[in-house]
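Reviewing the structure listed below.
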Ligand code: UD1
Ligand code: CA
């Protein structure tokens, strides 16, 4: 059977209370991945002929997220979920098969659940299978109204009488529909309800009327159905997602000292015997090898970290760290920095686009921008590699075994040769050949006894 999916992602997200004109609710991220993308990833995993995403409010941003997964269709005016689905008619209306409909605001839905729903739909030869769950707090959801155990219709929150309000079985907003019958029914929808919208959920009663076979498919983990309508629900979903991801890594052999404060993105790979300490984010496409100690208080994004490193209270974005390094506390590294094995980079250093060589040291308070640092180099406290002249960024080479004294400024572009020595406080603006010593500072003059004279004459007068 041909399988399609329609993802509804055009809604305004009014309950998020954003002041932004072009706000796109489904673009709001959880662990760095937009709500909509979570749904699309689950759909992609089950293998479908086509995924059609309906975009509208904040549509330009939403479109970018959806385009890699299939077709994108506009719903210019948001007239309700039924109206949104009908926007896919030009693409799907004429097709035989089953169409899965999901909302772009239910990021916790798993591919496993979607596959199980489809399989129940097929095995039982249903025309419509609804995903439902029984929840403690059904407020805000459409309620499943059954008669003699059979689904009869769905009533939306706004249209609930107190009696219906007490029903705890809710519509998760995920359906497997016979495709042709779905589009036939959509044509007859009317906005006769409290919200004056075309409700997709009204199609259910039409299927009943037409004598179609309808069944509900109850989901075991009710958390999966959580729809993000407001920012409180966003925080709850983030918590569940975090727990899901962290648990997986813990089972895999990673220690989390405080899983409640660890934020590991969906595209991150962690390895065994690594320890994640409190307050750690690892996001983007990141890889963390074996036996690292990460944190506390560390933010890593798009990093590749080898083995046995210690990274404390640091911020690394687009960075490679090889093995056996000690980094931080308070290192910031970015823009393609490579930190090679066995190096030590201590507190309050910034590395931007630097290749930092094996076994080199940069213990404190330096800025290294656009440069290569060789092996076994010592960068003294407060060194600046001045890479920017206001227009261009320049590159410098500091070769193997060089020693840069504290408080030096290396004005790029230049090269400091192998085993060369730069005296503390130097301002270096030309190459230093290998093995040479460069001293580039004003020569000191001592005025004998003048401190006393100064205090007596100058300071007293000032009082
Ligand atoms: C919807 C269901 C409700 C169900 C709940 C599950 C309807 C009428 N109600 O309610 O039964 O319990 O989901 O989470 O379907 N959207 C559009 N275009 C529109 C309106 C909405 O694309 O014109 C999209 C939204 O972006 C969203 C999804 O449809 O992703 C659901 O819309 P939302 O307003 O959140 O519906 P709920 O009130 O949650
Ligand atoms: Ca919703």
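The values are calculated or read from the model by the stated rules, or taken from the named source; none is laboratory data. Keep in mind the model is a prediction, meaning the values are calculated, not measured. No Cβ is skipped: glycine too gets one built from the backbone with ideal geometry, and neighbour counts run over all protein chains shown.
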Being outside any loop (DSSP other than H, G, I, E, B) and touching a helix residue (DSSP H, G or I) at 6+ places or on another chain (Cβ under 9 Å), is that true of even one residue in segment 294-306? no
For segment 4-20, indicate whether the set of residues that are within 12 Å of ligand 1 (Cβ to nearest atom), surrounded by fewer than 17 Cβ atoms within 10 Å (Cβ to Cβ) and in contact (Cβ under 8 Å) with a residue 12 or more places away in the chain is non-empty. yes
Quick one: how many residues across segment 237-278 are surrounded by 14 or more Cβ atoms within 10 Å (Cβ to Cβ) and assigned to a helix (DSSP H, G or I)? 12
Limited to segment 1-19, what total is found for residues that are farther than 22 Å from residue 183 by Cβ and either part of a helix (DSSP H, G or I) or modelled with pLDDT under 95 (or both)? 5
May I ask you to list pairs of residues, at least six apart or on different chains, whose Cβ atoms are under 7 Å apart, with the first in segment 233-262 being within 21 Å of residue 28 (Cα to Cα) and the second being at pLDDT below 95 and assigned to a helix (DSSP H, G or I)? 240/223
Against the definition (out of contact with any helix residue (DSSP H, G or I) (no Cβ under 8 Å at 6 or more places or on another chain), closer than 27 Å to residue 241 by Cα and more than 12 Å from ligand 1 (Cβ to nearest atom)), how does residue 59 come out, yes or no? no
Tell me which helices (runs of 4 or more DSSP H) are completely within segment 70-123 and hold 3 or more residues being more than 16 Å from ligand 2 (Cβ to nearest atom), in contact (Cβ under 8 Å) with a residue 60 or more places away in the chain and surrounded by 20 or more Cβ atoms within 10 Å (Cβ to Cβ), or say none if there are none. 111-123
Search segment 370-389 for residues being in contact with a strand residue (DSSP E or B) (Cβ under 7 Å, 6 or more places away or on another chain) and either in contact (Cβ under 8 Å) with a residue 60 or more places away in the chain or in a loop (DSSP other than H, G, I, E, B) (or both), and hand back the single one that is farthest from residue 401 (Cα to Cα). 387
Of all residues in segment 436-446, how many are surrounded by 12 or more Cβ atoms within 10 Å (Cβ to Cβ) and assigned to a loop (DSSP other than H, G, I, E, B)? 4
Checked segment 23-47 for anything farther than 16 Å from residue 67 by Cβ and either in a strand (DSSP E or B) or away from ligand 1 (no atom under 13 Å from the Cβ) (or both); matches are 29, 30, 31, 32, 42, 45, 46, 47
Hey, any hits in segment 352-369 for a residue that's over 29 Å from residue 282 (Cβ atoms) and part of a strand (DSSP E or B)? no
Could you identify the single residue in 160, 185 that is without any contact (Cβ under 8 Å) to a residue 60 or more places away in the chain and within 16 Å of residue 6 (Cβ to Cβ)? 185
Could you list, in sequence order, all residues of segment 145-178 that are within 14 Å of residue 204 (Cα to Cα) and away from ligand 2 (no atom under 16 Å from the Cβ)? 145, 146, 147, 150, 151, 152, 153, 176, 177, 178
Can you find a residue that is more than 16 Å from ligand 2 (Cβ to nearest atom), under 33 Å from the mean Cα position of the chain (by Cα) and at pLDDT 95 or above anywhere in segment 204-217? yes
